[in-house]
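Chemist: Could you have a look at this structure, given as structure tokens, before my questions?
The values are calculated or read from the model by the stated rules, or taken from the named source; none is laboratory data. Note that the coordinates shown come from a computational prediction; the quantities given were computed from them, not determined experimentally. Note that we place each Cβ from the backbone using ideal geometry, even for glycine, and neighbour counts take in every protein chain shown.
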Amino acid sequence: MPASRSILQQAVLRYIVALFVVCGVLFCARPAKAEEPRWGRLYVLSGIVSVRENPSDSALKVRVFKAGQKVRIDFQEDGWAAAFDPKEPSRSELKALGYVRLDELKAHGAPDPSQPMPLEGNKARAQAQAEAGIAKAEKPVKTEKAAKAIGKPAETNGAHAVAPAQAASTPQPEPKAEKPAKAVGKPADSIGAHAVAPAQAAPTPQPEQKNGKAGGKGLEKSAAKSSEKTLAKPEGLPAKGAGEIRVADRNLAVRGGRTTESEFKRLLRPGQRVRVDFWEDGWYAVFSPDEKQHDLSRAWGYSRDKFLVPEAAYAGPPAEAAASAKETDSPAVAVAGQKSKPAEDAAVGYSVLERTTEGRKPKVTTLRVRLDLAKPPAPEAMRKIAREIWKSERKKDENLQLEVLLAGMDAHGLAYATARFHDDGRVREFWWRDVVLGKQKK
Amino acid sequence: MRMSQFTFLRRACAACVLACLALAPGLAQAQQKIGFVNPQRVVNETRLGQMAKADLARYVAEKERLAKESAAQVALLRKEADSVALSAAERARREEAYKRKSRLHEALLQENARDIKAEEGKLLQYVMRRADSVLEDIGKKGGYAIIITDPAAVGYVDKANADLTDRVVRDLDSRGK
């Protein structure tokens with residue numbers, strides 16, 4: 001009798017375990033829900049529309065929208081509106097691609113009939129979240145503020161490897177749970193290398209390498225995972241001391257600590273192979289792929305786990321980033337004014353030399369940065385670079401102005417360019433000094 | 001006798017040596033010269049100075065653009081406040097907005113003037129620092145004890161002998177090439 005009971009118990013247990021497994025598989029296999037932003041108004045353009053840096057006819061023309069292109073429009077004021085990437089999830093004017101005249105927009109475009117009428121402000125966001133079931137995962141207002149405060153759209157796209165197009169098109173909202181870590185981390189203000197890098201339209205995939213643990217995972221799954229629970233311990237986590245080869249799925253910063261504000265160490269390019277290990281709080285320790293000793297002290301630094309995908313799952317940078325970079329005439333490419341050159345060549349690195357805050361009210365913080373350029377880019381490109389650096393370096397409610405030096409210039413001497421900004425990131429004043437170059441620009 | 005002659009010669013030699021020692025600084029002093037450089041001419045006539053002026057002009061234009069934008073906003077608010085068909089409350093609100101903007105505009109103009117002056121000082125200082133190294137070279141090679149750069153401190157300059165401005169302009173331009 002006891003024997004038959006134990007057999008019965010075992011059968012029930014097996015049944016329950018099987019049920020759990022089936023449920024788990026079904027849960028994991030569900031398709032990633034493509035979330036359509038629910039703010040602003042989506043327009044489909046039928047002609048060319050000019051985009052300006054500020055809502056003014058005299059402002060710099062930063063790009064042109066072409067016929068057939070979709071844009072998201074919001075923040076309408078005085079006949080002007082801010083234009084966004086259609087996939088832009090956060091309703092923040094900081095993320096705007098620029099400003100368009102409403103009459104020009106309406107003459108050459110019409111609201112997208114497939115998009116439901118948007119709801120305004122928080123109501124829309126609340127509803128969108130309720131529908132997506134992510135109300136708890138992130139509070140949009142806080143996320144938006146956090147992004148503004150840190151000035152980095154995300155550790156990947158942006159993060160000191162500021163890729164303007166990616167920043168505009170594929171922002172990754174920083175998970176709320178990461179905030180404490182940021183607060184703990186000491187901002188690396190003194191010296192840090194950074195890069196204003198362009199969107200990578202078509203990175204070269206690395207040669208495939210078999211990896212048992214990584215092989216079973218799909219990109220879709222990792223994408224879904226990254227958008228839903230960024231700090232959850234990733235599946236197939238390498239055992240400590242073993243390590244695993246992964247690839248960066250986009251421009252990715254390697255930092256000195258497990259916070260986005262830690263010192264910048266280096267930039268991983270999309271498709272670049274690294275060995276990862278010592279996962280903690282959503283961050284991997286990153287090693288050289290040839291590293292044999294898994295000693296933490298030999299690590300290059302730390303990077304966010306969600307952007308380090310298994311080699312087998314890597315299929316180029318996120319499609320929306322590449323598509324958007326192509327479609328929206330990527331400002332990143334325009335930044336360096338090298339449209340014909342490969343995107344990688346257009347990356348501009350910079351290092352922070354000094355951050356000083358004046359005591360008078362209103363407090364003004366001056367950030368001195370040095371670009372990794374011996375010769376200055378065109379003024380328009382320099383404005384864009386300055387704007388990207390401002391977005392990356394500005395802290396919450398900070399009145400930050402930039403002084404930009406070029407390679408080889410005296411760190412305490414007169415800067416080449418100076419930029420001051422409005423609170424929303426638009427350039428308020430920008431000027432440069434040819435005299436510091438010592439010779440006339442041609 | 002011999003002894004006294006020897007003593008006399010010795011004393012004469014010593015006196016000569018002492019006289020030479022006493023006169024030497026005076027002779028050296030007489031060889032050292034005083035020069036003068038006109039900084040305004042250095043700025044106006046050097047390539048570096050011309051670039052500094054172009055930079056300043058660009059800066060002034062940027063400031064004027066800001067002032068113009070602000071003035072246009074003030075004018076618009078004035079127009080709105082003067083509209084006929086307005087309720088008393090709405091008129092008061094617009095009047096208040098206009099006054100606030102006017103104050104901001106005034107502050108902006110003052111800030112602009114301050115900033116332009118500061119920028120001018122920075123650019124001038126930059127050019128003169130570059131000129132300083134040229135002055136040092138000229139001073140050492142030409143035996144100048146002092147080179148004056150403040151026109152207000154000079155009553156008369158012998159342009160042919162003491163005015164070094166042309167030389168500084170020439171040297172500064174040749175260094176920039």
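Chemist: If you go through the range A:288-303 one residue at a time, how many are touching a strand residue (DSSP E or B) at 6+ places or on another chain (Cβ under 6 Å) and either in the same structural domain as A:Lys70 (by TED's automatic domain parsing) or modelled with pLDDT of 80 or more (or both)?
Modeler: First, the residues of the range A:288-303 that are touching a strand residue (DSSP E or B) at 6+ places or on another chain (Cβ under 6 Å): A:289, A:291, A:294, A:296, A:299-303.
Next cut, either in the same structural domain as A:Lys70 (by TED's automatic domain parsing) or modelled with pLDDT of 80 or more (or both) only: A:289, A:291, A:296, A:299-303.
Matching residues across the range A:288-303 total 8.
Chemist: Among A:Val71, A:Val51, A:Val100, which is the only one that is crowded, with 18+ Cβ neighbours inside 10 Å, closer than 20 Å to A:Phe421 by Cβ and either modelled with pLDDT of 80 or more or in contact with a strand residue (DSSP E or B) (Cβ under 8 Å, 6 or more places away or on another chain) (or both)? First the steps, then the outcome.
Modeler: Details: A:Val71 fails: closer than 20 Å to A:Phe421 by Cβ; A:Val100 fails: closer than 20 Å to A:Phe421 by Cβ.
Only one candidate passes the filter, namely A:Val51.
Chemist: Let me ask something else about it. A:Glu398 fails exactly one of the following numbered conditions: (1) within 12 Å of chain B (Cβ to nearest Cβ); (2) crowded, with 17+ Cβ neighbours inside 10 Å; (3) in a loop (DSSP other than H, G, I, E, B). What is the number of that condition?
Modeler: (1)
Chemist: Looking at B:Lys68, is it within 14 Å of another protein chain (Cβ to nearest Cβ), in a helix (DSSP H, G or I), over 41 Å from the mean Cα position of the chain (by Cα) and of a type in the set (D, E, K, R)?
Modeler: Considered against the rule, which asks whether it is within 14 Å of another protein chain (Cβ to nearest Cβ), in a helix (DSSP H, G or I), over 41 Å from the mean Cα position of the chain (by Cα) and of a type in the set (D, E, K, R), B:Lys68 comes out as no.
Chemist: Test B:Gly143 against the stated conditions and say whether it is surrounded by fewer than 16 Cβ atoms within 10 Å (Cβ to Cβ), at pLDDT below 90 and more than 14 Å from chain A (Cβ to nearest Cβ).
Modeler: Values: surrounded by fewer than 16 Cβ atoms within 10 Å (Cβ to Cβ): yes; at pLDDT below 90: yes; more than 14 Å from chain A (Cβ to nearest Cβ): yes.
Against the criterion (surrounded by fewer than 16 Cβ atoms within 10 Å (Cβ to Cβ), at pLDDT below 90 and more than 14 Å from chain A (Cβ to nearest Cβ)), B:Gly143 qualifies.
Chemist: On the phi < 0 side of the Ramachandran plot and surrounded by 21 or more Cβ atoms within 10 Å (Cβ to Cβ): does that describe A:Met382? I'd like the intermediate steps shown before the answer.
Modeler: Values: on the phi < 0 side of the Ramachandran plot: yes; surrounded by 21 or more Cβ atoms within 10 Å (Cβ to Cβ): yes.
In short, yes.
Chemist: Answer yes or no: is there a residue in the range B:77-86 that is more than 14 Å from chain A (Cβ to nearest Cβ), surrounded by fewer than 14 Cβ atoms within 10 Å (Cβ to Cβ) and in contact with a Gly (Cβ under 9 Å, 6 or more places away or on another chain).
Modeler: Taking the range B:77-86 and keeping what is more than 14 Å from chain A (Cβ to nearest Cβ), we get B:78, B:81-86.
Still in the running and surrounded by fewer than 14 Cβ atoms within 10 Å (Cβ to Cβ): B:82-85.
Applying the additional criterion that residues be in contact with a Gly (Cβ under 9 Å, 6 or more places away or on another chain) yields none.
No, that holds for no residue.
Chemist: Could you list all residues from the range A:410-425 that are in a loop (DSSP other than H, G, I, E, B), within 12 Å of chain B (Cβ to nearest Cβ) and surrounded by 14 or more Cβ atoms within 10 Å (Cβ to Cβ)?
Modeler: Correct list: A:Leu414, A:Ala415, A:Tyr416.
Chemist: In this structure, is B:Val60 within 11 Å of chain A (Cβ to nearest Cβ) and among the β-branched types (Val, Ile, Thr)? Spell out how you get there, then give the answer.
Modeler: Values: within 11 Å of chain A (Cβ to nearest Cβ): yes; among the β-branched types (Val, Ile, Thr): yes.
Yes; evaluated as a whole, the condition is true for this residue.
Chemist: So which residues in the range B:151-177 are touching a residue at least 12 places away in the same chain (Cβ under 8 Å), closer than 26 Å to A:Leu414 by Cβ and not β-branched (Val, Ile, Thr), if there are any at all?
Modeler: B:Pro151, B:Leu164, B:Arg167, B:Asp171, B:Leu172, B:Asp173, B:Arg175, B:Gly176
Chemist: Still on this model: Is there a residue in the range B:45-54 that is modelled with pLDDT of 80 or more, within 14 Å of another protein chain (Cβ to nearest Cβ), surrounded by 13 or more Cβ atoms within 10 Å (Cβ to Cβ) and in contact with a His (Cβ under 9 Å, 6 or more places away or on another chain)?
Modeler: Our first condition is that a residue be modelled with pLDDT of 80 or more; within the range B:45-54, this holds for B:45-54.
Filter again for within 14 Å of another protein chain (Cβ to nearest Cβ), leaving B:46-54.
Remaining after also requiring surrounded by 13 or more Cβ atoms within 10 Å (Cβ to Cβ): B:46-54.
With the extra rule that they be in contact with a His (Cβ under 9 Å, 6 or more places away or on another chain), the set shrinks to none.
Within the range B:45-54, none of the residues are modelled with pLDDT of 80 or more, within 14 Å of another protein chain (Cβ to nearest Cβ), surrounded by 13 or more Cβ atoms within 10 Å (Cβ to Cβ) and in contact with a His (Cβ under 9 Å, 6 or more places away or on another chain).
Chemist: Test of understanding: among B:Tyr126, B:Tyr98, which residue is outside any loop (DSSP other than H, G, I, E, B), within 14 Å of chain A (Cβ to nearest Cβ) and of a type in the set (Phe, Trp, Tyr)? Reasoning before the result, please.
Modeler: Details: B:Tyr98 fails: within 14 Å of chain A (Cβ to nearest Cβ).
After applying the criteria, what remains is B:Tyr126.
Chemist: Test of understanding: among A:Val352, A:Val436, A:Val364, which residue is within 14 Å of chain B (Cβ to nearest Cβ), among the β-branched types (Val, Ile, Thr), in contact with a strand residue (DSSP E or B) (Cβ under 9 Å, 6 or more places away or on another chain) and surrounded by 20 or more Cβ atoms within 10 Å (Cβ to Cβ)?
Modeler: Values: A:Val352 fails: within 14 Å of chain B (Cβ to nearest Cβ); A:Val364 fails: surrounded by 20 or more Cβ atoms within 10 Å (Cβ to Cβ).
Sole residue among the options that is within 14 Å of chain B (Cβ to nearest Cβ), among the β-branched types (Val, Ile, Thr), in contact with a strand residue (DSSP E or B) (Cβ under 9 Å, 6 or more places away or on another chain) and surrounded by 20 or more Cβ atoms within 10 Å (Cβ to Cβ): A:Val436.
Chemist: Follow-up. Is it the case, given these coordinates, that B:Asp137 is out of contact with any His (no Cβ under 6 Å at 6 or more places or on another chain), touching a residue at least 24 places away in the same chain (Cβ under 8 Å) and either under 26 Å from A:Thr418 (Cα atoms) or among the basic types (Lys, Arg) (or both)? It would help to see each step written out before you state the result.
Modeler: Numbers: out of contact with any His (no Cβ under 6 Å at 6 or more places or on another chain): yes; touching a residue at least 24 places away in the same chain (Cβ under 8 Å): yes; either under 26 Å from A:Thr418 (Cα atoms) or among the basic types (Lys, Arg) (or both): no.
No; evaluated as a whole, the condition is false for this residue.
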